[in-house]
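Working notes, beginning with the structure itself.
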Amino acid sequence: MTSSTLLVTDVENLGEVVTLLRAAAADLDCGLQVRTLAGDEVDEAEAAAAARRDRERKRLPTPVRVDLRALVEGAPVDAEAVLRGARARGLRGGATVDEVRRTNTR
């Protein structure tokens, strides 16, 4: 299964960001999962609350990753197209293509 990754830095507004990304991904026949940088599953509400607490304490919130995956076997996943689609829906920042996880082979 083909996959790609986005990084979300606007974790305080994670629910809104993921809603826009999920809609854009669905248009491209992709699904998504929100995970920590280490790959563990994320509770979106808890992550957003933790990020707000971090900001109150003058700490930078820890970004999360959004793993995109093709819903059709062998179909390509275009993280940039998903991001463009989310921006067309109103996303104003806080997410970027993860260049580190973008390549499948070395």
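With coordinates expressed along the principal axes, the C-alpha atoms belonging to segment 3-97 extend over 44, 27, 18 Å, beginning with the largest. Compute the long axis of helix 79-88 from its Cα atoms, compare it with the longest principal axis of the Cα atoms of the chain, and write down the angle in degrees, 0 to 90, nearest 10. Taking Cα atoms only, the helix is inclined about 60 degrees. Across segment 1-29, no residue has a backbone nitrogen under 19 Å from the label position 7 Å along the beta-carbon direction of Lys58.
Charge tally for Arg89 (other residues, Cβ to Cβ under 14 Å; Lys, Arg +1; Asp, Glu -1): +2. Compared with the dominant Cα axis of the chain, that is its longest principal axis, helix 14-27 is turned about 10°.
The angle separating the long axis of helix 44-56 from the principal Cα axis of greatest extent in the chain is about 40 degrees.
Since every read-out is calculated from the coordinates, none of them should be taken as a lab result. For clarity, every value in this text was computed on a predicted model and none was experimentally measured. Methodologically, a virtual Cβ is constructed for each residue, glycine included, from the backbone with ideal geometry; neighbour enumeration extends over all protein chains shown.
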